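Novice: One structure, as structure tokens, below. Some questions next.
The values are calculated or read from the model by the stated rules, or taken from the named source; none is laboratory data. Being a predicted model, the structure only gives us computed values, none of them experimental. Note: ideal-geometry Cβ built from the backbone for every residue, glycine included; neighbour counts use all protein chains shown.
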Amino acid sequence: MTAAKAVANTALRWIPPFLPTLERAFGVSTTQLTTVLGLGETAGLSTVLVGKHLDRGRERLIMIGGLSTISVSSVIALGGSIWTFAVAFVLLILGVANFTVAGHAWISHRIDYRWRARSIGLFETSWALALLVGGPIIAILINVFGWRGPFVFLAVACALAALGVALSLPVAPRRVAGDTVDQPRQRLTPKAWFVVVGSATLAPAGLSIFVISGTWLDDEFGVSTGGLGLIVMGFGAFELVASIGTATFADRIGKMKSTLGGAIVVLLGLAVMLSAGDRLWVGVAGLLVLLIGFEYGFVTSLSLVSEAMPDARGTTLAIGNAVGTLTRGTGTILTGVLYSAYGIGGSAALSAAAAAISAACLLVSRRLD
């Protein structure tokens, strides 16, 4: 599952750092591309429809379908226009979102909450591996084959990943004790909503910066495609440390404290970035600090979401992803507009506001225990 998710995440994550490459390929601006990315995020709302199916034990089927959809999206992107890319990105989000919530539900239905952050943290090392391993591969493919190279590679890789999940993941028996197979759809409690929104708003705190990171590094410091590949590899290494940190420490420290701590580190990273001036190493250092805080906090928050309503974990995770889709999509569109108008300061203000809202929601949820 983790290997398959690493492939799926590579298909998603290579796009923002190499945004300048796609801008030149399609002859469009940063604002146009970030708008496509933001609108495409709405496809993640589809997870609302699968929540009950996840609670009925159909996680494996949804994972296979998600990976197959990503493969198809990569083929469509080869069309070479902003319009075919837009369609492809919608399908990409559709596949990644449903595969992700199915994976989280599969884990949450089988792993006790006391050490669930460890399992989800290990599963989410795939997010970091997408940059650490996938990033350099993508850079090489672009340099050798042009912008179409990554799409061909990912179309094949995701098809093989779908086959791997189909052949290796055991078909789970229907649950009996304390399951939700025959239960009607449940409404989220006020506490669950605050946890869901807290996790969802932490997402744009990191992603609103990540999505324009390649453009910022290119605009401010003139970083080349090869240079971006190396920097993206560094991003992946730090995120891997954060995911392993979640798996190692979050259950011991406490999932709520870990998530709030991650939000604080995001703010620290923003401060470092804004102080970079013309110093590339300071800018990259700030990005790394922000990403490690975001990764650690957000991955840990998924465990909080998974236990916000223990009787409907799949449903809660699915709704959480849908809400996250709205916050990520809005953040992606706004960060492109703000960056074009105010530079990195505009995007940083958006990120800081999202982190503050996230922390406030999670703190309120604690008072509802």
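Novice: Those residues that are touching a residue at least 24 places away in the same chain (Cβ under 8 Å), of a type outside the set (Gly, Ala, Ser) and within 23 Å of Leu132 (Cβ to Cβ), I need them from segment 241-258; list them, please.
Specialist: Val241, Ile244, Thr246, Thr248
Novice: What number of residues in segment 5-40 are farther than 19 Å from Glu295 by Cα and in a helix (DSSP H, G or I)?
Specialist: Residues meeting the conditions: 19.
Novice: Further, regarding this structure: Taking only segment 185-235 into account, find how many residues are of a type in the set (Lys, Arg) and either at pLDDT 90 or above or closer than 19 Å to Leu260 by Cα (or both).
Specialist: Of the residues in segment 185-235, 1 are of a type in the set (Lys, Arg) and either at pLDDT 90 or above or closer than 19 Å to Leu260 by Cα (or both).
Novice: Does Thr21 satisfy the condition of being farther than 20 Å from Gly95 by Cβ and among the β-branched types (Val, Ile, Thr)?
Specialist: Criteria met by Thr21.
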